[in-house]
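Student: Have a look at this one.
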Amino acid sequence: MGAEPVARAKSLSLRARATLALYRLSFGLAGLTAAAAAPWLGFYSRRVKEGFAHYLGLVPRCRNPRVFWIHAVSMGESMVAYGFAAGLQREFPDYQMIFTSTHPDVIAGARRRGFLASYFPLDTQVSMHRVFERCHPTAVFVCETDFWPEFSTQCRQRRIPLFLINGRISSKLAEFYQNFAGLAELVFGAYTMLAVQSAVDARRLLAAGVEASRVKVLGNMKADLTVAPGSVDLAAIKSWLAQRQTVVVGSLHPGEFNLLLPVFCAQIKQGRAVILAPRNPALAEAWQQQLESSGVACCRRSLGTTDAPLMLLDTMGELAAVYSLADAAFVGGSLVGDVGGHNPLEVIQQSVPLLMGPNCRNFADLVEELKAADAMLSCDDADAVSAAIERVLADKNLADAMIANASQVLAVNRGVLPATLQLVKECLSVFQLAPQPVAELP
């Protein structure tokens, strides 16, 4: 790949300049309001209490002149970011990796891995200017989906390469940027390269006005990232299971919990163990009360095991490993609502039969491959989920065939991480790998 596909961002159009001025004014006023309320919010929000200075751009300074800035929001995105950072560190061993996120557990995970980590600042001109002046990043990487106009503008004005890795563009996001072309130019026009998961994501970016030369379809990097054996201590859960058949229901949303409650009860009556992971662990206490009021005894992972037949997995970062204990696993976010389904790769990487609901647009290409290969069971409602569990647990040949077929699909989808690293190396070779600080506010 030559220099032409990674040409520097064009000058902003008059429409985009006007949009930027309006955005700076409105978001700046909103930022001042939020700052004024912060002392009170800090009593109720861990994020505000820990990250107030970071939101204002007062992040730790980087002493290393060679810096890569990686931004990831959710726990799932952070797993991609950590794997990508490790690969980037191998390719550029003298560079310092800094992480930003909006999630305290992502920040804690980055710090445990030895990275300099902080909360992502408010997208105001002053806050972003401070961050770039304190860190002087050589290149910036956004994982999957989190787009901010001022953030992109700072990269553009400082001529810092900006990359989207493992990108995912939802239909709502695409529609928004198609309706607000000035914002789309501000955000996406600053990107050196946008590496996305699927052709659908690419088409949505093109419809928003992104140049085709900047968009690359590489696949889903999560196919390359597996949980290292022994990285999560599962001894207590294994002891609790006592060799019972086990159903794991992961990343469940409230509407799905209500629909599937009879399914949990039915599985328990048959002597099986059920491990239920809320998408939001904060829901565990309320769900425990609801389960017990329905006659289902349960325990919570964070509080230790009891002889209850159902466990609420209310911890962060353990679900992918816990899937390895399942005889069948259902991935939530796929049965009701417009979530679009959560990550099926975590299940098939653990060689476990996969069940999902019909709403899987976040992983549409992969799910279609799995369906075509008879590597998963799709369930339209709670009755179908119950029937699918019974089929898998009663028929070992079916379960083994699903696992083998999924393994073949997984093998085809691997290789995204090295392909992304190679693309980044080629793009960065066009630029001088040195920060270009701006002394004054633009």
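The values are calculated or read from the model by the stated rules, or taken from the named source; none is laboratory data. The shown structure was predicted, so the numbers you read here are calculated from the model rather than taken from an experiment. Ideal geometry is used to build each Cβ from the backbone, glycine not excepted, and the neighbour counts take in all protein chains shown.
Okay, residues lined up against (1) within 15 Å of D327 (Cβ to Cβ); (2) touching a Gly at 6+ places or on another chain (Cβ under 9 Å); (3) not hydroxyl-bearing (S, T, Y):
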site: G219; (1), (2), (3): no, yes, yes
site: G230; (1), (2), (3): no, no, yes
site: Q245; (1), (2), (3): yes, yes, yes
site: G255; (1), (2), (3): no, yes, yes
site: L259; (1), (2), (3): no, no, yes
site: R272; (1), (2), (3): yes, no, yes
site: R279; (1), (2), (3): no, yes, yes
site: G304; (1), (2), (3): no, no, yes
site: P309; (1), (2), (3): yes, yes, yes
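Student: Also, quick follow-up: Which is among the aliphatic types (A, V, I, L, M), modelled with pLDDT of 95 or more and crowded, with 21+ Cβ neighbours inside 10 Å, of L206, L194?
Tutor: Values: L206 fails: crowded, with 21+ Cβ neighbours inside 10 Å.
Result: L194 is the single residue among L206, L194 that is among the aliphatic types (A, V, I, L, M), modelled with pLDDT of 95 or more and crowded, with 21+ Cβ neighbours inside 10 Å.
Student: Going residue by residue through segment 170-182, is there one that turns out to be crowded, with 23+ Cβ neighbours inside 10 Å and hydrophobic (A, V, I, L, M, F, W, C)?
Tutor: Checked segment 170-182: no residue is crowded, with 23+ Cβ neighbours inside 10 Å and hydrophobic (A, V, I, L, M, F, W, C).
Student: Under 6 Å between Cβ atoms, which residue pairs at least 6 apart in sequence (or on different chains) link something in segment 125-150 that is more than 12 Å from I165 (Cβ to Cβ) and touching a residue at least 12 places away in the same chain (Cβ under 8 Å) with a partner that is surrounded by fewer than 23 Cβ atoms within 10 Å (Cβ to Cβ) and hydroxyl-bearing (S, T, Y)?
Tutor: P149/Y23
Student: Out of segment 209-240, which residues are crowded, with 16+ Cβ neighbours inside 10 Å and outside any loop (DSSP other than H, G, I, E, B)?
Tutor: Of everything in segment 209-240, those that are crowded, with 16+ Cβ neighbours inside 10 Å and outside any loop (DSSP other than H, G, I, E, B) turn out to be R214, V215, K216, V217, M221, K222, A223, D224, I237, W240.
Student: For segment 73-92, how many residues meet the condition of being part of a helix (DSSP H, G or I) and either modelled with pLDDT of 90 or more or on the phi > 0 side of the Ramachandran plot (or both)? Full working, then the answer.
Tutor: Of all residues in segment 73-92, those part of a helix (DSSP H, G or I) come to 75-91.
With either modelled with pLDDT of 90 or more or on the phi > 0 side of the Ramachandran plot (or both) added as a condition, the list becomes 80-91.
Residues flagged as part of a helix (DSSP H, G or I) and either modelled with pLDDT of 90 or more or on the phi > 0 side of the Ramachandran plot (or both) within segment 73-92 amount to 12.
Student: Only one of these is aliphatic (A, V, I, L, M), buried (at least 17 other Cβ atoms within 10 Å of the Cβ) and not assigned by TED's automatic domain parsing to the domain that holds R130: V59, V48, V73, V67. Name it. Talk me through it step by step, then tell me what you get.
Tutor: Numbers: V59 fails: not assigned by TED's automatic domain parsing to the domain that holds R130; V73 fails: not assigned by TED's automatic domain parsing to the domain that holds R130; V67 fails: not assigned by TED's automatic domain parsing to the domain that holds R130.
Among V59, V48, V73, V67, only V48 is aliphatic (A, V, I, L, M), buried (at least 17 other Cβ atoms within 10 Å of the Cβ) and not assigned by TED's automatic domain parsing to the domain that holds R130.
Student: Of the numbered conditions (1) within 20 Å of the chain's Cα centre (by Cα); (2) of a type in the set (D, E, K, R); (3) assigned to a helix (DSSP H, G or I), D146 satisfies every one except a single condition; which is it?
Tutor: (3)
Student: Being closer than 15 Å to E211 by Cβ and either modelled with pLDDT of 95 or more or part of a helix (DSSP H, G or I) (or both) is the filter here; which residues of segment 1-27 pass it?
Tutor: Those that are closer than 15 Å to E211 by Cβ and either modelled with pLDDT of 95 or more or part of a helix (DSSP H, G or I) (or both): E4, P5, V6, A16.
Student: I need the full set of residues from segment 241-275 which are assigned to a loop (DSSP other than H, G, I, E, B) and closer than 20 Å to G337 by Cα, in order please.
Tutor: The answer is H253, and nothing else.
Student: Check S213 against each of (1) in contact with a helix residue (DSSP H, G or I) (Cβ under 9 Å, 6 or more places away or on another chain); (2) assigned by TED's automatic domain parsing to the domain that holds H342 and name the one condition it does not meet.
Tutor: Checking S213 against (1) in contact with a helix residue (DSSP H, G or I) (Cβ under 9 Å, 6 or more places away or on another chain); (2) assigned by TED's automatic domain parsing to the domain that holds H342, the one that fails is (2).
Student: Inspect segment 189-206 for any residue being farther than 14 Å from E144 by Cβ, among the hydroxyl-bearing types (S, T, Y) and assigned by TED's automatic domain parsing to the domain that holds M128 and give the result as yes or no.
Tutor: yes
Student: Which residue pairs have Cβ atoms under 8 Å apart, sit 6 or more places apart or on different chains, and have a first residue in segment 300-311 that is part of a helix (DSSP H, G or I) and a second that is loosely packed, with under 12 Cβ neighbours inside 10 Å?
Tutor: Listed by first residue and then by second, the contacts come to nothing, as the list is empty.
Student: Can you name every residue in segment 356-390 that is among the aliphatic types (A, V, I, L, M) and within 18 Å of V248 (Cβ to Cβ)? Before you say what the answer is, go through the steps one by one.
Tutor: From segment 356-390, those among the aliphatic types (A, V, I, L, M) are 356, 364, 366-367, 370, 372-373, 375-377, 382, 384-385, 387-389; that's our starting set.
Correct list: M356, L370, A375, M376, L377, A382, A384, V385, A387, A388, I389.
Student: Right, another one. Could you check segment 314-333 and list, in sequence order, the residues that are assigned to a loop (DSSP other than H, G, I, E, B) and touching a residue at least 40 places away in the same chain (Cβ under 8 Å)? Lay out the reasoning, then the answer.
Tutor: Let us first name the residues in segment 314-333 that are assigned to a loop (DSSP other than H, G, I, E, B), namely 314-318, 326-327, 332-333.
Once the filter is applied, which keeps residues that are assigned to a loop (DSSP other than H, G, I, E, B) and touching a residue at least 40 places away in the same chain (Cβ under 8 Å), segment 314-333 yields M316, G317, E318, A326, D327, G332, G333.
Student: Report yes if F132 is under 17 Å from the mean Cα position of the chain (by Cα) and buried (at least 18 other Cβ atoms within 10 Å of the Cβ), otherwise no. Explain how you work it out, then say what you get.
Tutor: Working: under 17 Å from the mean Cα position of the chain (by Cα): no; buried (at least 18 other Cβ atoms within 10 Å of the Cβ): yes.
Taking the combined requirement at face value, the residue does not satisfy it.
Student: Could you list, in sequence order, all residues of segment 303-318 that are surrounded by 13 or more Cβ atoms within 10 Å (Cβ to Cβ), at pLDDT below 95, farther than 18 Å from Q243 by Cβ and not charged (D, E, K, R)?
Tutor: T315, M316, G317
Student: Let me ask something else about it. Only one of these is basic (K, R) and within 29 Å of A364 (Cα to Cα): R244, R300, R204. Name it. Before the answer, list the steps.
Tutor: Details: R244 fails: within 29 Å of A364 (Cα to Cα); R300 fails: within 29 Å of A364 (Cα to Cα).
That would be R204, the only listed residue that is basic (K, R) and within 29 Å of A364 (Cα to Cα).
Student: Turning to a different aspect of this structure: So if I check each of L366, L370, which one is within 22 Å of D224 (Cβ to Cβ), modelled with pLDDT under 95 and surrounded by 23 or more Cβ atoms within 10 Å (Cβ to Cβ)?
Tutor: L366 is the lone residue from the list that is within 22 Å of D224 (Cβ to Cβ), modelled with pLDDT under 95 and surrounded by 23 or more Cβ atoms within 10 Å (Cβ to Cβ).
Student: Give me the pairs: first residue in segment 154-174 and within 30 Å of G337 (Cβ to Cβ), second residue surrounded by fewer than 24 Cβ atoms within 10 Å (Cβ to Cβ) and aromatic (F, W, Y), beta-carbon distance under 8 Å, and six or more apart or on different chains, which are they?
Tutor: Once the first residue is within 30 Å of G337 (Cβ to Cβ) and sits in segment 154-174, its partners that are surrounded by fewer than 24 Cβ atoms within 10 Å (Cβ to Cβ) and aromatic (F, W, Y) give L173/F147.
Student: Here's something else I'd like to know. I need the full set of residues from segment 47-83 which are farther than 18 Å from T102 by Cβ and either touching a residue at least 40 places away in the same chain (Cβ under 8 Å) or within 13 Å of the chain's Cα centre (by Cα) (or both), in order please. Full working, then the answer.
Tutor: So the first thing to find is which residues in segment 47-83 are farther than 18 Å from T102 by Cβ, and the list is 61-68, 83.
Answer for segment 47-83, where residues must be farther than 18 Å from T102 by Cβ and either touching a residue at least 40 places away in the same chain (Cβ under 8 Å) or within 13 Å of the chain's Cα centre (by Cα) (or both): R61, C62, P65, R66, V67, F68, G83.
Student: Looking for whichever is in the same structural domain as L20 (by TED's automatic domain parsing) and closer than 19 Å to K216 by Cβ here; the options are S171, S127, S152. Which one fits? So that I can check it myself, show each step before the final result.
Tutor: Numbers: S171 fails: closer than 19 Å to K216 by Cβ; S127 fails: closer than 19 Å to K216 by Cβ.
Matching residue, one of S171, S127, S152: S152.
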